[in-house]
């Protein structure tokens, strides 16, 4: 009862998302010039506004996009429970659609690190001889990994209009193990008038573990060093690529009596900085 749990949104992300404008495709040396959005269960059903912020950023950069049609869960929750049969069932639903998009030259972007990790690492390890799985792996991007590569291609709009001040940014565990570097922090640092305090330690949430009655108190205890580190230097915002971790951190800071701070996903912060 004490744990923060997400509410269901009145409308899903596909119901809210508008079709992409017909921007010309501008491929870079490092990046495809069009994006397929694998929205994830969390964005689809709980916080579709984060997906809307991703679309705002893509539109602002004149990057055409498509939504993955009738996507299934990536399978990470089932993998963590050891239900490998369900993992394969979800893989069989998703991979043919995603592989087609990959071969059509799309960068496939997922706003939730656990889902990105599933397609980049877990499924390729489980199905090493599946050519479609490997094709999806090569086309899969974390959103800020994509934006930083786009910046290096000279194709990222940097006309930021709003300063963010001080941002305490938590590197999600499932972002760290992708071994792509701190791309979100790099992107936030592109915004003038923005300082980023990077906290690279487990928040204690760990998927569904931290909301269970028998483990919640331990999850809060594990997270205390993170809660305190996130509060350093009186930030204007706290943020994490993992929105569940972000809410967990906000709850932990509140329970420790630390100053109340606005919590927002990095995509929301980037859209705000653009003035969108």
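The values are calculated or read from the model by the stated rules, or taken from the named source; none is laboratory data. Computed from a prediction, not measured in an experiment: that's the story for all the values here. Here the Cβ positions follow ideal geometry from the backbone for every residue, glycine too, while neighbour counts run over all protein chains shown.
Does at least one position in segment 250-261 carry a residue that is modelled with pLDDT of 90 or more, surrounded by fewer than 17 Cβ atoms within 10 Å (Cβ to Cβ), farther than 19 Å from residue 186 by Cα and in contact with a strand residue (DSSP E or B) (Cβ under 8 Å, 6 or more places away or on another chain)? Taking every residue of segment 250-261 in turn, none turns out to be modelled with pLDDT of 90 or more, surrounded by fewer than 17 Cβ atoms within 10 Å (Cβ to Cβ), farther than 19 Å from residue 186 by Cα and in contact with a strand residue (DSSP E or B) (Cβ under 8 Å, 6 or more places away or on another chain).
Residues checked against (1) over 20 Å from the mean Cα position of the chain (by Cα); (2) outside the structural domain of residue 241 (by TED's automatic domain parsing); (3) closer than 24 Å to residue 39 by Cβ:
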| position | (1), (2), (3) |
| --- | --- |
| 132 | yes, yes, yes |
| 147 | no, yes, yes |
| 168 | no, no, no |
| 172 | no, no, yes |
| 177 | no, no, yes |
| 180 | no, no, yes |
| 191 | no, no, no |
| 196 | no, no, no |
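Residues that are buried (at least 19 other Cβ atoms within 10 Å of the Cβ) and either over 17 Å from the mean Cα position of the chain (by Cα) or part of a helix (DSSP H, G or I) (or both) within segment 31-43 comprise 31, 32, 33, 34, 40, 42, 43, listed in sequence order.
Looking at segment 252-261, which of its residues are assigned to a helix (DSSP H, G or I) and either assigned by TED's automatic domain parsing to the domain that holds residue 44 or touching a helix residue (DSSP H, G or I) at 6+ places or on another chain (Cβ under 8 Å) (or both)? Talk me through it step by step, then tell me what you get.
Going through segment 252-261, the residues assigned to a helix (DSSP H, G or I) turn out to be 252-255.
Within segment 252-261, 252, 253, 255 qualify.
Does residue 16 meet the test of being touching a strand residue (DSSP E or B) at 6+ places or on another chain (Cβ under 6 Å), touching a residue at least 12 places away in the same chain (Cβ under 8 Å) and surrounded by 14 or more Cβ atoms within 10 Å (Cβ to Cβ)? No; evaluated as a whole, the condition is false for this residue. Residues in segment 131-160 that are in contact with a helix residue (DSSP H, G or I) (Cβ under 7 Å, 6 or more places away or on another chain) and not in a helix (DSSP H, G or I): 140, 142, 156, 157, 160.
Within segment 230-251, how many residues turn out to be in a helix (DSSP H, G or I) and closer than 27 Å to residue 56 by Cβ?
Let us first name the residues in segment 230-251 that are in a helix (DSSP H, G or I), namely 230, 243-251.
Those still in the list that are closer than 27 Å to residue 56 by Cβ too: 230, 243-250.
Within segment 230-251, residues that are in a helix (DSSP H, G or I) and closer than 27 Å to residue 56 by Cβ number 9.
Taking the criterion of being part of a loop (DSSP other than H, G, I, E, B), modelled with pLDDT under 90, touching a strand residue (DSSP E or B) at 6+ places or on another chain (Cβ under 7 Å) and surrounded by fewer than 23 Cβ atoms within 10 Å (Cβ to Cβ), would at least one residue in segment 214-221 satisfy it? No, segment 214-221 has no match at all. If you check 51, 28 for being outside any loop (DSSP other than H, G, I, E, B), within 24 Å of residue 136 (Cα to Cα) and touching a helix residue (DSSP H, G or I) at 6+ places or on another chain (Cβ under 8 Å), only one passes: 51. Identify all residues within segment 182-194 that are farther than 18 Å from residue 275 by Cα and touching a residue at least 24 places away in the same chain (Cβ under 8 Å); write none if there are none. Passing the criteria: 183, 184, 186.
Looking at segment 186-199, is at least one residue at pLDDT below 90 and crowded, with 16+ Cβ neighbours inside 10 Å?
Just the residues of segment 186-199 that are at pLDDT below 90, to begin with: none.
Scanning segment 186-199 turns up no residue that is at pLDDT below 90 and crowded, with 16+ Cβ neighbours inside 10 Å.
Within the bounds of segment 109-119, is there any residue that is assigned to a helix (DSSP H, G or I), free of Cβ contacts under 8 Å to residues at least 60 places away in the same chain and surrounded by fewer than 18 Cβ atoms within 10 Å (Cβ to Cβ)? No.
When residue 159 is tested against (1) surrounded by fewer than 17 Cβ atoms within 10 Å (Cβ to Cβ); (2) touching a strand residue (DSSP E or B) at 6+ places or on another chain (Cβ under 9 Å), only condition (2) is not met.
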